[in-house]
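Just below is one structure, and these are the notes that go with it.
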Amino acid sequence: MSSSRSDLTRNRIGRKFWIPIGSLALLFAFFLVLTPSFHDKYFGVAKNEATAVGSLRKIQELENAYATAHPDNGFACQLKQLRPTENMRDVYGNPMNLLAGEWVGYKFEVVGCIPEKNGVVAHYQVTAVPLKPWASGVRAFCTDQSGNVFYDHNGSATECLAARQLLP
């Protein structure tokens, strides 16, 4: 069985057509994986960031409750001190998981907590940084006793506290 000349020409033309098309399809798939929307949809970065912001707001609520219940101490300087007296479950889950310091791909920490001369802590700062940058989260978030939440695009807690870019 010999192939005719036209069959060989058709095979070459087919290869010349399908190899570039296949290469473009692979390139498109590769760039699709690198886009933020794909990353958010399949790896949960946006969900983790939203939960981290909600968790910071929960910590603010717990800090205010702690300061009200302990007027001689003021705000708590450790997350473990914020343990609620009653069982508080809400949209952010059990706060006990959050108060362990790591939650939904973020590490939470109370920083800048210095008692004043009378021993009362009147100021605190809480940071939330991604445990695995660009995988569990991109931005760092921080807050203080003012109740505002700030962020840093580079995932730096120090820059978040210094720049104080207000979360929209």
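FYI, it's all coordinate maths here, none of it is from the lab. As the structure is a computational prediction, the values presented were derived from the model and not from experiment. No Cβ is skipped: glycine too gets one built from the backbone with ideal geometry, and neighbour counts run over all protein chains shown.
Tabulated results
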| read-out | value |
| --- | --- |
| Residues with amide H under 5 Å from that of Gly74, placed H, sequence gap 5 or more | Val121 |
| Distribution of pairwise C-alpha distances over region 44-166, 5 Å bins, in % | 2, 12, 23, 24, 19, 12, 5, 2, 0 |
| For region 102-107, 3J(HN,Hα) per residue [Karplus equation, 6.51 cos²θ - 1.76 cosθ + 1.60, θ = phi - 60°, Hz, x = Gly/Pro] | 10, 7, 6, x, 10, 9 |
| Long-range HN-HN contacts of Leu167 with modeled amide H, under 5 Å | Val149, Phe150, Tyr151 |
| Long-range amide H partners of Trp103 with built H, under 5 Å | Phe108 |
| Integer Hz, Karplus 6.51/-1.76/1.60 couplings in order for region 137-150, x for Gly and Pro | x, 10, 8, 9, 10, 8, 8, 8, 5, 5, x, 7, 10, 10 |
| Subset of Lys58/Lys107; Lys58/Lys132; Lys47/Lys132 violating a 20 Å alpha-carbon distance limit | Lys58/Lys132 |
| Net charge, Thr143 excluded, C-beta distance under 13 Å - Lys, Arg +1, Asp, Glu -1 | -2 |
| Relative packing of 117-129, 55-67, 156-168, which averages over residues the other C-beta atoms within 10 Å, highest first | 55-67, 117-129, 156-168 |
